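Worksheet for the structure shown next.
The values are calculated or read from the model by the stated rules, or taken from the named source; none is laboratory data. Just so we're clear, the structure is a prediction, and the values are computed from it rather than from any experiment. When we count neighbours, we look across all protein chains shown, and the Cβ atoms used for this are built from the backbone with ideal geometry, even at glycine.
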């Protein structure tokens with residue numbers, strides 16, 4: 001062998017491929033959870049590589065590079081932080097003299113911060129060991145240096161605050177306090193109906209309509225009111241009246257800028273974090289009974305069979321005649337609550353009773369019409385933990401679809417469609433609600449489980465895999481009223497694509513609608529405010545053009561997912577607190593999924609989710625069968641799969657993670 005050419009035996013030499021490194025880009029870093037982040041930029045949204053975060057924190061404006069590791073596998077690496085997005089955070093204080101330490105409640109911040117000996121902010125604010133504080137960052141952590149903070153406020157002790165819930169607020173980056181500029185604008189808002197009718201030529205006085213609001217018992221903001229008039233020709237005119245938020249929140253105002261940042265209200269188990277200050281959300285914009293309010297009205301004329309004949313939209317002034325809860329409306333429809341007992345003036349009680357019965361008839365007609373065009377209605381149960389005045393769990397409320405919830409829902413769906421068609425036919429950009437057909441692989445996974453349950457076999461399952469909405473309807477119909485109903489509905493719902501906001505209409509698959517938008521909840525959703533502005537501009541012959549509309553739609557979609565995740569996390573925590581007092585309790589449950597580490601279940605009484613870890617499945621070893629998504633006992637041959645009914649005992653909880661651990665027990669031990 002020649003010099004310099006040594007032969008290496010026994011090991012194949014690695015082959016190296018040059019990765020394509022794109023030029024440095026700029027974007028906003030969004031940390032979703034520890035170790036998972038992406039960067040939103042003008043060039044697109046990129047997933048951050050496992051070790052690509054470096055010193056970046058959520059909300060930072062960063063420069064980054066992208067490495068292509070394969071087809072459709074672009075990964076981003078943060079190169080430097082241009083501008084910090086996190087200036088303050090909430091944390092738990094610890095005294096480690098001569099230093100102080102603040103441990104962030106936000107689990108996405110994986111570093112502790114120090115307070116220097118020369119900083120006396122802990123003493124100034126009378127902070128003790130374990131107190132929750134607001135800390136302002138003085139210097140940010142690097143690979144070799146810790147971050148430095150100073151305390152700006154003491155929030156309370158660990159016993160005064162629910163740390164697990166505060167951690168949810170912090171970890172999902174939920175804004176709690178409104179900036180002073182927005183509060184200042186909110187304080188001077190007044191409801192001036194006369195002025196609005198005089199200055200706005202297209203605004204109409206609709207106070208002669210018998211309008212009513214129907215909401216959950218604990219609702220504080222009333223976005224929508226409904227009216228109905230029966231016409232001489234047998235047709236019906238449905239009125240949907242929505243709070244005119246855009247009248248009080250001008251584009252570019254401090255209120256508007258803050259609403260853009262929040263994009264939606266967040267409904268946690270123990271609180272509501274509103275999109276708008278209470279002066280608007282609970283007062284000026286809220287359609288409270290016996291109060292004149294500015295609204296956006298859609299009057300929809302329907303045939304005897306519920307088909308849409310025509311519609312028109314306009315700014316209005318309305319007066320709600322009664323505020324009903326869903327329970328009151330249901331009791332009225334069932335005949336167990338007489339009209340004389342309604343919370344309204346006696347002279348309109350009979351009219352309101354007639355309104356509800358007419359709306360109920362329309363609701364059933366509209367449900368049939370939507371089903372005929374392929375609309376999908378997934379049966380769901382909403383389980384909420386009931387809290388006492390100290391936010392401690394005292395029970396669980398299970399909410400299901402009723403005639404009252406359906407009649408409101410159908411009216412809102414119809415108004416949203418009419419407004420979307422109006423804007424789409426005029427070729428106006430706005431925040432449309434877009435829902436694409438589900439991905440084939442997601443449906444294949446769902447159908448595989450359904451077939452294990454003896455459902456959706458043969459050609460029907462093939463059609464479901466192809467995304468045929470009528471086939472999905474058939475499966476839902478086949479399991480209606482059976483113990484498998486909610487499991488099957490949940491499986492098919494999870495297989496659906498996520499609905500998002502987009503600047504152009506692309507239809508809504510699940511609703512079978514060719515055009516759809518959100519128009520009916522502007523107090524709690526920013527896309528609805530954008531739709532109102534676009535509609536108002538169209539009505540006066542102007543345009544509402546916003547260059548940042550695509551980005552606003554993306555932000556609204558992302559923040560909506562964050563709000564939903566935070567709400568679910570808060571309910572899981574409170575549910576775990578509820579079961580913390582019920583260790584040893586026995587109940588029946590339905591298995592909803594199987595993994596190598598155990599089986600997921602839904603408890604009968606509360607519809608809470610729990611986990612039976614592998615070690616709590618009993619004395620025998622269970623083998624996981626990925627192909628059939630089941631667990632099989634090696635000794636007994638017992639098969640556990642989604643849909644199996646099992647007896648369980650509450651074994652323990654991990655409140656911080658909202659986890660309920662259960663033990664599999666023989667059914668004869670239930671007693």
Restricting the stretch 614-651 to residues that are within 31 Å of the chain's Cα centre (by Cα) and loosely packed, with under 15 Cβ neighbours inside 10 Å, the one modelled with the highest pLDDT turns out to be 645
Screening 161, 183, 90 for residues that are within 25 Å of the chain's Cα centre (by Cα), within 30 Å of residue 254 (Cβ to Cβ) and outside any strand (DSSP E or B) leaves only 161
Of the residues in the stretch 327-347, those that are at pLDDT 95 or above and in contact with a strand residue (DSSP E or B) (Cβ under 9 Å, 6 or more places away or on another chain) come to 328, 329, 332
Taking the stretch 286-295 and keeping residues part of a strand (DSSP E or B) and under 10 Å from residue 318 (Cβ atoms) leaves 292, 293, 294, 295
- Message: So for the stretch 225-233 (the condition being within 24 Å of residue 274 (Cβ to Cβ) and under 35 Å from the mean Cα position of the chain (by Cα)), does at least one residue qualify?
- Response: yes
If you go through 602, 575, 588, the only one that is within 25 Å of residue 484 (Cα to Cα), touching a strand residue (DSSP E or B) at 6+ places or on another chain (Cβ under 8 Å) and assigned to a helix (DSSP H, G or I) is 575
Restricting the stretch 370-393 to residues that are free of Cβ contacts under 8 Å to residues at least 40 places away in the same chain and over 22 Å from residue 329 (Cα atoms), the one surrounded by the most Cβ atoms within 10 Å (Cβ to Cβ) turns out to be 372
Residue 217 vs (1) closer than 21 Å to residue 521 by Cα; (2) surrounded by 15 or more Cβ atoms within 10 Å (Cβ to Cβ): all pass except (2)
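Condition check ((1) in a loop (DSSP other than H, G, I, E, B); (2) closer than 23 Å to residue 299 by Cβ; (3) touching a helix residue (DSSP H, G or I) at 6+ places or on another chain (Cβ under 9 Å)) across all residues:
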{"site": "407", "(1), (2), (3)": "no, yes, yes"}
{"site": "446", "(1), (2), (3)": "no, no, yes"}
{"site": "471", "(1), (2), (3)": "no, no, yes"}
{"site": "474", "(1), (2), (3)": "no, no, yes"}
{"site": "487", "(1), (2), (3)": "no, no, yes"}
{"site": "505", "(1), (2), (3)": "yes, yes, yes"}
Reported set for the stretch 525-558 where residues are surrounded by fewer than 21 Cβ atoms within 10 Å (Cβ to Cβ) and not in a helix (DSSP H, G or I) is 540, 541, 542, 543, 544, 545, 546, 547, 548
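Residue-wise test of (1) surrounded by fewer than 17 Cβ atoms within 10 Å (Cβ to Cβ); (2) out of contact with any helix residue (DSSP H, G or I) (no Cβ under 9 Å at 6 or more places or on another chain).
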site: 137; (1), (2): no, yes
site: 142; (1), (2): yes, yes
site: 147; (1), (2): no, yes
site: 160; (1), (2): yes, yes
site: 168; (1), (2): no, no
site: 173; (1), (2): no, no
site: 183; (1), (2): yes, no
Within the stretch 287-310, restricting to residues that are surrounded by fewer than 23 Cβ atoms within 10 Å (Cβ to Cβ) and in contact with a helix residue (DSSP H, G or I) (Cβ under 8 Å, 6 or more places away or on another chain), the one that is nearest to residue 200 (Cα to Cα) is 292
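For (1) free of Cβ contacts under 8 Å to residues at least 40 places away in the same chain; (2) assigned to a strand (DSSP E or B), each residue gets a yes or a no:
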residue: 102; (1), (2): no, yes
residue: 114; (1), (2): yes, yes
residue: 118; (1), (2): yes, no
residue: 126; (1), (2): yes, no
residue: 141; (1), (2): no, no
residue: 154; (1), (2): yes, yes
